[in-house]
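The values are calculated or read from the model by the stated rules, or taken from the named source; none is laboratory data. The structure displayed is predicted, hence computed values, not measured ones. So basically every Cβ, Gly included, is an ideal-geometry build from the backbone, and we count neighbours across all protein chains shown.
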Amino acid sequence: MFRARERGHLDARVVPESLIALHAEDEDWVAWLKALPELAATYLERWALTIDGRPLHGAASLVLPVAQEDGTPAMLKLQPLNEENAGEALALRTWNGDGVVRVLQDDQATGTLLLERLHPRSLNHLPDDVEATRILAELLARLSAVPAPPGLRTLADVAAAMLDDAPALIPLLADPAEQSLVLRCAARLAELVKEPGDRLLHWDLHYENVLASDREPWLVIDPKPLAGDPCFELFAALNNRWDDLVATGEPARALRRRFELMLDVVGLDRERAIGWTLARILQNVLWDLEGGGHQVEPVQVAIAEVLMTLSV
């Protein structure tokens, strides 16, 4: 086990090569990753922690299994502070462990979190994707019942920015049919933007962000919090585990069933759910175009086309 009682004395191998490789072309990330061993050592010392397992990571964070001074297991999450994760601790504390991982310590200045230990088994590991969707929807119903606290980003602002950016970016799509599709997504967003909602949203609620736990069967992790309409949450559940839909031989029908299940369990209005999900597709397309892309991902085209057939 590693123990840090002096800053900067943690072995650099604590940072997995796979995480370094993910960001090898990004100068800001490279600099952050080089400083990461010292940053980790700081929090191991500050919170009296001992590393007791193999380092883990997602696309944007390092997670160290640790033991607290009394031996209680926990997870130390280190991440570059940005607009998306700045409210993570606030959101998790607002949900107060109801369906979500508990925060044990946090430092708002760096976005570093000490979290309760969960198991490395996500809803992606459930063989039945319908059961996985139902569990995710039940968790979404609990999370979205909570009003957003002051100080979070709002869906109103996010939506307004999308509508501002869309006219200049959508023409960059190479396929006129895709331009037409995305313009329809923008039109649906324009109809909803005046009623953006006030619930506490996770914004990235997909199957890998729900982990097995001893306290409850499943708990949600890794929110990118936002204040808004819970209908804005559905896209991630539709877009992920896509291979399960394809495996049915009728992906469009299976997608409709998944969408209807989410509506029924969470209790959402169909037209608003369609509109805000199309807005999520618009958001993804605009991000891709800003990054130099020129087409819509085929799965997102498929989701948009199915949802548009469901709209009255």
query = How many residues does the range 298-312 contain that are under 21 Å from L263 (Cβ atoms), assigned to a helix (DSSP H, G or I) and in contact (Cβ under 8 Å) with a residue 40 or more places away in the chain?
reply = 10
request  = May I ask you to list the residues in the range 276-312 that are of a type in the set (D, E, K, R) and surrounded by fewer than 18 Cβ atoms within 10 Å (Cβ to Cβ)?
outcome  = E290, E297, E305
message = Can you report the number of residues in the range 247-289 which are closer than 18 Å to W203 by Cβ and either of a type in the set (D, E, K, R) or in contact with a strand residue (DSSP E or B) (Cβ under 9 Å, 6 or more places away or on another chain) (or both)?
response = 4
task = Considering each of A187, A166 in turn, give the residue that is under 21 Å from I303 (Cα atoms), small (G, A, S) and surrounded by 19 or more Cβ atoms within 10 Å (Cβ to Cβ).
result = A166
request  = Report yes if T42 is among the hydroxyl-bearing types (S, T, Y) and over 14 Å from T112 (Cα atoms), otherwise no.
outcome  = no
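To keep it simple, each residue is scored yes or no on (1) in contact with a Leu (Cβ under 9 Å, 6 or more places away or on another chain); (2) closer than 16 Å to L136 by Cα.
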site	(1), (2)
A186	yes, no
A190	yes, no
L211	yes, yes
P217	no, yes
P230	yes, yes
D244	no, yes
message = Every residue in the range 99-158 that is hydroxyl-bearing (S, T, Y), assigned by TED's automatic domain parsing to the domain that holds E216 and over 24 Å from E260 (Cβ atoms), please.
response = T154
ask   = What are the pairs, 6+ residues apart or on separate chains, where a residue within the range 165-177 that is modelled with pLDDT of 95 or more has its Cβ under 9 Å from a residue that is surrounded by 13 or more Cβ atoms within 10 Å (Cβ to Cβ) and assigned to a loop (DSSP other than H, G, I, E, B)?
value = L172/G293; L173/G293; L173/Q295; L173/V296; A174/Q295; D175/Q295; D175/V296
ask   = Among the residues of the range 141-156, how many are touching a residue at least 12 places away in the same chain (Cβ under 8 Å), over 17 Å from the mean Cα position of the chain (by Cα) and surrounded by fewer than 16 Cβ atoms within 10 Å (Cβ to Cβ)?
value = 4
inquiry  = Restricting to the range 64-113, name every residue that is surrounded by 17 or more Cβ atoms within 10 Å (Cβ to Cβ), more than 16 Å from the chain's Cα centre (by Cα) and β-branched (V, I, T).
reply    = V66, T94, V103, T112
